[in-house]
Structure formats: C-alpha cells, structure tokens
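Reviewing the structure listed below.
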Amino acid sequence: MRVELPPEPVHFVNRDEERRRAVRAVEEWQGRSRPLVLSLSGPGGLGKTELAFLIARTLCDRFPDGVRTVDLDDFRAGGELDPGEVLARLLVSLDVAPDLLERQFGARCRQYWNVTSARRLIVVVDNARYASEVVPLLPASGDSLVIVASHGPLYDLEDGAAVDMALPPLADPVATELLELVVRDPRLAADPAAARTMVQMCHGLPAALHVAGRWVRAHRVRPLPRLIADLRSQLDEKGVSSGVERVWDAAYRGLSAPAAALYRLLPDHPGPTFTQESATALLGQGPEAGQDALEELHRAGLLQLSATWQEEDGRMRLLGPLHAHAGRRARAHDARGESADARTRLLRWYVRQAQLADRYTAGRRLVVAELLDPVPGAPDVPLEDPRATDDLAVRAARTTRASRWLHAERHALYACVRRAHARGLDAEAVALCEPVWTHALDHPHQSDATEVFRLGVASAIRSGNLASIVRMRCQLARPLWEAGRLDEAGRELDGALSAVELLGESERDRKLHASAIEFRGMLNSARGDWNAAAVDFARSRDMHLTIPNPYGVLVQTYRLGEAHAELGDLAAARRLLSEAHAAAVADHRARMSARTGFVLGGVLRRLGRTDEARGLYRQSLEGARRRGSAFDQVRIHDAFAEMAGDEGLGAEAEEHRAAARDIRRRNGLLPPDPEDRR
C-alpha cells in the first residue's frame, strides 16, 4: 500500500475535536456515488496541512489503496493552476504509465475516474483556493476520502459530500503547551508572565509558535524578558499587525547575510518550486553557501519542505504567506539591483542547463543556439552525457534522467522564456525554446508550449537572425497542426521557407533548409496529402545526403518509407524502412530503432512476410518492456493480435488482445472490470 505521508510531527497539540469529527464523518458515510470530502480551512500558519496528514494517518488503515497527496501550489504558474498537470501527478502516483497519460484534459479526467472507480483511497489536496480546483481531483468512488486544506471555506462543493471544519487559532493554554514542547526551556516555567506575553505575540498560530520557539532555543543565555524585547524591537514596519508576520520578520533579521539574501531572492525564482541547484544559482555564491543558506532557512522556519520533496528530486518551495513576506523583505532591501542581477544569472543558468539536458535527451542535433558558458557561482546540474559511455544500460539511464529534468523544470523554462522575451534577451529566449521543443515532442498538446514558441518566433524576428526565424517558425508549426490549426501552421512554415531562401551555404544553414522542407512534409502528412509529403521527404533526404548528414538521412529515409506505406507502395516502403532500421540499430538509437522496426513490421505483414514481421514485433515488444513504454507495448500487442487473427491463430490473437486490454485497463484507458470492484 502506497502512503504518501511525511513522518508524524514531533510536536502537535489540540485539534482533538477535529480529528474525532473526521473519524465520525467517515464512519457515518454511506458510500454514495462520490467520495466524502473533509475541508479544513483557515489562514496561513494554523497547521491545516499537518492536521490533514494526521487525519489521513489515523484513517489510512480503513482505505486499503493508500494515501496520495498533492499540493496545488506546486502546479501554479503565474498564479494559474494547471489542472491537467495535477491529474497527471495523481495518475502516475496511481501507477499509470506516463506515456499512456491522455493528452486532453477531458480525456485525462475520464482516465482518472476509470482508475479510481474501484478503489478505496485517501487523497490529500493542499492549498486549494476554489472548489472548482478540487472537483476534477475527486475519485469516482464513494468509498474514498478527500481531505482538502484551504485558506477559506469552499462553499460551492456539493452539499452532502463535504464536511467543512474551519480551524480557530489555538487558545492561550494550548498555545503555551505547544511553545513549551518546542522549546523545553526552564526559562518559560521560571517566568510564566513573559512566556504568556510571547504566546500572545503569536496570536495562536502554530507556525508562529514554532518560529518563536526556535528563536528562544537559539538564545540560551539571554533572559526571557530580553528576548521578548528583542522580538518587539524587530517588529515589522507600521501597519503590519499579523503575529506570524512579526515572528517571521524577527527570524529573518536573525539570518546570516547569505541566507537573508537567498530568502529575499526566492520570490524571483521563475517556477513554483525550486531545487538546491537552482537556489544556489539564484544566490550565486557557490554550492556550499547555497546549501548552508537553505539549511539555515529551514532551521529558522522560513522554508518548509513538501511531504514528498525527497522523492521528487529534492524540490522545495516557499509557502504562499512566506513567499509574500520574502517579497516584502526584498522590496524593502533592494537598493542595489540585487534582484535584477540574480534574475539574469538564474536565467542564463537555466538556459545552459536546459541546453545540456536537451543534448543528453535527444543527442547531438541541429540547433541554432550555441551552448552557453558556465555561470560563475552556479554549478551545473549533475547530468551526464550518455555518449560518454559504451554501456547501453547506463546510456539509457542518463538519457532518462536528462529527460526527467526537462519535465520537472518545464514551468521554470516556460517562465524563463517569457522573462527573456519581456527583457529583450532574444538570444536567450530562442536558446530556451529549443529544449522546450524536445520536451514538447514527448508531451504534446500543451498550450504553454505553443505560447512559448510564439514568443520564440517574436524574439527571433526582433533579433533579425534568419536561422532563428526558420527554427522558431518550424517549432511553432508542429503544435499548431497537432491542435488541428493547419492553416496557421502553414503560414508559419511559409514564413520559415521564405527566410530559409535568404540563408547562406554553411552546413548549419543547409541543414536548416532541409529541416524546413521536412516540416512541410509533416504538415502535408497531417493534412492527409501523402503524395506531397513523400515529395518533401525525398527532397529533404537528398539535401541531407549532399551535406552530408547521416542522421538527417536516417530520419528522412524513415519518413519517406512511412509515406510510401501510406500510399500503398509496399515494396518501396520495405526497402526504405529496412535501410532506416539498419542504420538506427547500428547507431544505437533505441527510440528510432523501435519506431522504424515497428513500422517495417507492419509493411512486412501487409506483404505476407509474417515470420519476419513477427520477429520485428517481438524485438519491438522486448525493447518497449525494457524502456517501460506502455504506449508502445499496447500498439505492438494490437498489431500482434491483428496479424494472428488474419492467420487464423485465435488463441494467440486473444492472448495479445488480453495483454493490450489489461494495460489499457490498468492505466485508466478502459473502465475497470466489474469483478475488480469491491
């Protein structure tokens, strides 16, 4: 049973009535057509998240399919939530293969309902702002429980399915108990009046009490009245009345210079979450200073880690109220352009890291932007070049790690493109669009990527760089035709082909010319005009042969073979695809080997050469299993089943159909078998 919960808090007091009420609500729930929702609401610092985890831990034995947690603030870009990404996080945590995630939001919702309809699980949703953000995340099972933490009550959740619990601040006696547990200092017992004053300064907010407790522990020699005087002397500027704000301000003023600088800079981080590496780049003082600053912020209570931060590549973030507080400290301090310098440094660091991840994911390929130099004080992410080893398993692992980095940092990369374009850093905007392209190939139908490519085109045009104009227009065309906007895609490619005529005769310019022709061929294939597509692929192939560019020849040979297969010229298709497949295998290109082998197998089957087709399908299936590609496994099982059916091999056909059906059902692409329902 998978339980995504952090260790129990060391100190947690009160909230007994809320926990009893939660247990009672679950016991009385009748298991209707939708799950029970427990809504915990109240301002920041009240301990809603910890209470949600405690309730989930108390009840998890009643829900055999485990506990999943999701923090919606991790999926906000510019304040806007990406609900499709939230569903993707939950689906993957429910063992859906990433390559079988539905692309469109509506289809992904149905996939989530299929996956959860026969399960009994707890879903903890943190930092919800509106009920509309929660509704798509409700499991399709009345036997499940959803616990939601939000700053305000979610009034528009359906009546009867939600139990709202508004959390009050801790009463003074309970708050005193918590402070004593956190501090364990005899000075509190020796001076109860001073302890009571400190408690009242925290306004019953557990977060403030924890920070105040750290303040007391950090100053073991000073008497309590002096500590209180120090706290009072460090209250925020006029107009600030929140107790937690005052305590955060006191904690901030107790930081070392590097930790205080990092705290001020973190609101400038472009993504909703950050890593140790990106925080170090933001600070710009080297890895040891970055590590020390992060540890100091955590000890001071100014940096909180999510429940799953360690298993998610150590990703961290500032909670909403802390993010706002850090921003206020930055505005009060930044008289010397500290933030502007840090933003530029971090932007260029992201460009370089994305370029490296792109190179390691896609291999050396045509790009128009040169690799940026290392950024002083900001070491590279520890990604490794797959081609630096002959071990194929190690190569695959390095490629996967680079690809995962691109996916994890996608929101930061999108934000960096926006920042670069807005600041007139056109070369950086174009350079970042190229890695975004690699990510978008594996994760199509993302509106953010289309917007980013539009900015890339605008930056390229503003810079007047012809090579960049060609590249960016081609990159924008693909998501447009994938969204069915064929005329818009055509206009972008017309612009690219006009610009390419003005390029020179360098090797890169000739590759760009061949690439633009290939893109026109892909648009023609999307239109169903395979004759025109074949002409374009053949022309692009000839251009790559002339350069010469062996990998370009391989790709165009594959595309031309696929076009001939669509046109029914199976002999030509077999010859071309055989050539492409042999080249991909010889060059150890696993993905291209799988693609060419599968399409070649289909052509051989149509030619009646089923033994050869079966061998290629078997190789493709083994490769798909090694790569963990559920998408490829499904389509290969489907092809196997169709071929076996044509041959009258009913048992073999049913075996493959059942295997494909099982993968689809496990991944929510089919409703669950009624026998699986509890």
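Things worth noting here:
- The condition (being modelled with pLDDT under 95, assigned to a helix (DSSP H, G or I) and closer than 24 Å to HIS269 by Cα) is satisfied by just one residue among THR399, THR361, THR450: THR450.
- The residues of segment 419-435 that are crowded, with 19+ Cβ neighbours inside 10 Å and either among the basic types (Lys, Arg) or touching a Pro at 6+ places or on another chain (Cβ under 6 Å) (or both) amount to a single one, ARG419.
- Scan of segment 345-358 for residues that are free of Cβ contacts under 8 Å to residues at least 40 places away in the same chain and more than 11 Å from GLU428 (Cβ to Cβ), ordered by number: none
- One residue alone among ARG666, ARG635 is surrounded by fewer than 20 Cβ atoms within 10 Å (Cβ to Cβ) and farther than 30 Å from PRO64 by Cα, and that residue is ARG635.
- Test: residue in segment 170-184 that is modelled with pLDDT of 75 or more, in a loop (DSSP other than H, G, I, E, B) and surrounded by 20 or more Cβ atoms within 10 Å (Cβ to Cβ): yes
- Unique residue being part of a strand (DSSP E or B), out of contact with any His (no Cβ under 8 Å at 6 or more places or on another chain) and hydrophobic (A, V, I, L, M, F, W, C) when the list is VAL70, VAL86: VAL70
- Residue in segment 74-83 that is among the basic types (Lys, Arg), under 30 Å from LEU413 (Cβ atoms) and outside any helix (DSSP H, G or I) present: yes
- Hits in segment 347-378 (condition: over 22 Å from MET472 (Cβ atoms) and touching an Asp or Glu at 6+ places or on another chain (Cβ under 7 Å)): TYR360, PRO374
Here is a yes/no grid of residues against (1) assigned to a loop (DSSP other than H, G, I, E, B); (2) modelled with pLDDT of 90 or more; (3) in contact with a Lys or Arg (Cβ under 6 Å, 6 or more places away or on another chain):
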{"position": "ASP632", "(1), (2), (3)": "no, no, no"}
{"position": "GLY645", "(1), (2), (3)": "no, yes, no"}
{"position": "GLY648", "(1), (2), (3)": "yes, yes, no"}
{"position": "GLU654", "(1), (2), (3)": "no, yes, no"}
{"position": "PRO671", "(1), (2), (3)": "yes, no, no"}
{"position": "GLU675", "(1), (2), (3)": "no, no, no"}
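- Here VAL135 fulfils each of the conditions (1) surrounded by fewer than 22 Cβ atoms within 10 Å (Cβ to Cβ); (2) touching a residue at least 24 places away in the same chain (Cβ under 8 Å) apart from (2).
- Among the criteria (1) at pLDDT 90 or above; (2) over 17 Å from ALA431 (Cα atoms), the one GLU338 does not fulfil is (1).
The values are calculated or read from the model by the stated rules, or taken from the named source; none is laboratory data. Note that this is a predicted model, so its numbers are computed, not measured. Note that each Cβ is placed from the backbone with ideal geometry, even for glycine, and that neighbours are counted across all protein chains shown.
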